[in-house]
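Beneath this line is the structure, given in structure tokens, with notes to follow.
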There are 2 protein chains.
Amino acid sequence: MSKLNEESCEACNADAPLVSADEQQTLLKDIPQWQVVTLDGEQQLQRTFKLKNFAEAQAFTNKVGDLAESEDHHPAILLEYGKVTVRWWTHKIGGLHRNDFIMAARTDQLSA
Amino acid sequence: MSKLNEESCEACNADAPLVSADEQQTLLKDIPQWQVVTLDGEQQLQRTFKLKNFAEAQAFTNKVGDLAESEDHHPAILLEYGKVTVRWWTHKIGGLHRNDFIMAARTDQLSA
């Protein structure tokens, strides 16, 4: 089991470091179903979760939303029929902080 | 007040008619904050709703989701901090049915 999903987010300010390319590769081994995508010039972690129907996708959206509120770190969540696409990144630093990898790992736990 | 928001969706099959360009212009007068966008080659109605924070955006997402379930017609809903972007279209006919304009008008009511 990954230990990433046992970590909590740390407070993050505009001076916090972006995760380096090398460190990204290491962290992604713990969350192999996530991809690094670039949107609006900022790297983000993205995964699409398949659900049975709209109601289950809505329920999963709420689980992710509740997790986000509990850590005060908020993703973009696209809710559609039978699927939910989650994107984690840290707008304040314009890319990926270690917190985002932690949240991705904890999102995986919600779907397990 | 528009009467569009008082209508219910009708059952829709693959032979159902797309709304014509002229009819779109007429219907859009009832829902002036919605735009017709084209995604993956299909016309969709899109509006972004501003909310105070993530929790309120999540609550609004649930209102729209519950409306969708009640009519068995499902949009794409993008939940982000302080905003929710809703897209209505009818995948079965590859574009916009009158149902989508009805759902857009009813979504406006949820935010009123």
Original post:
With no solvent and one point on each alpha carbon, what is the Debye value of log10 I(q)/I(0) for chain A at q = 0.12, 0.15 Å⁻¹?
Top reply: -0.38, -0.60
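Let me know the mean shielding of B:72-81 by other chains, meaning the per-residue number of their Cβ atoms within 10 Å of its Cβ.
Numbers: counts 1, 2, 9, 4, 6, 9, 7, 13, 6, 6.
The shielding value for this peptide is 6.
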**OP:** Kindly give the distances from residue B:94 to its copy-mates, label point to label point, with each label point 7 Å from Cα along Cα→Cβ, as nm values to one decimal ordered shortest first.
**Re:** 4.2
Subject >> Estimated [θ] at 222 nm from DSSP helical runs (n ≥ 4, -39500 (n - 2.57)) normalised by residues in chain B, nearest 500 >> reply: -11500 deg cm²/dmol
Original post:
Per the Kirkwood definition applied to all pairs of different Cα atoms, how many angstroms is the hydrodynamic radius of the stretch A:38-87?
Top reply: 11.3
**OP:** Any chance you could check the Cα centroid distance between the stretch A:1-44 and the stretch B:12-56 for me, in angstrom?
**Re:** 35
**OP:** Quick one: angle between helix A:98-111 and the longest Cα principal axis of chain A, in degrees between 0 and 90, rounded to 10, please.
**Re:** 20
Original post:
Dividing the Cα convex hull volume of the protein assembly as shown by residue count, how many Å³ per residue is that?
Top reply: 130
Original post:
How many lysine pairs does the protein assembly as shown hold where the Cα atoms are under 12 Å apart and the two sit 8 or more places apart or on different chains?
Top reply: 6
**OP:** Quick one: accessible surface of residue A:102, probe radius 1.4 Å, all protein chains present, in square angstrom to the nearest 10.
**Re:** 0
**OP:** May I ask you to derive the relative contact order of the stretch B:19-111, considering only C-alpha pairs under 8 Å and at least 6 residues apart, and to give it as an integer percent?
**Re:** 32
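Trypsin sites (Lys or Arg not before Pro), restricted to the stretch A:16-112: which are DSSP loop and have at most 10 other Cβ atoms within 10 Å? Let's see the in-between values first.
Working: sites: A:29, A:47, A:50, A:52, A:63, A:83, A:87, A:92, A:98, A:106; in loops: A:29, A:52.
Sites meeting the loop and neighbour criteria: A:29, A:52.
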Original post:
Can you list, shortest first and in nm, the gaps between the label point of residue B:72 and those of its counterparts in the other copies, using a point 7 Å from Cα in the C-beta direction?
Top reply: 4.5
Original post:
Could you give the accessible area per residue of the protein assembly as shown, probe 1.4 Å, as a whole number in Å²?
Top reply: 52
**OP:** Go through A:91, B:74, A:97 and list them by solvent-accessible area, largest first, probe radius 1.4 Å.
**Re:** A:91, B:74, A:97
Original post:
For the pair B and A, how large is the buried accessible area, both sides, in square angstrom to the nearest 100, if the probe is 1.4 Å?
Top reply: 1400
Subject >> Descending semi-axes in Å of the stretch B:1-55, equivalent ellipsoid built from Cα gyration tensor >> reply: 23, 16, 14
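The values are calculated or read from the model by the stated rules, or taken from the named source; none is laboratory data. From a predicted model like this one, the values you see are computed outputs, not experimental measurements. All Cβ positions, glycine included, derive from the backbone under ideal geometry; neighbour counts span all protein chains shown. Ligands, DNA and RNA are stripped out before the accessible areas are found, and what is left, the full protein with its side chains, is counted by its heavy atoms. Shrake-Rupley method; radii C 1.70, N 1.55, O 1.52, S 1.80 Å.
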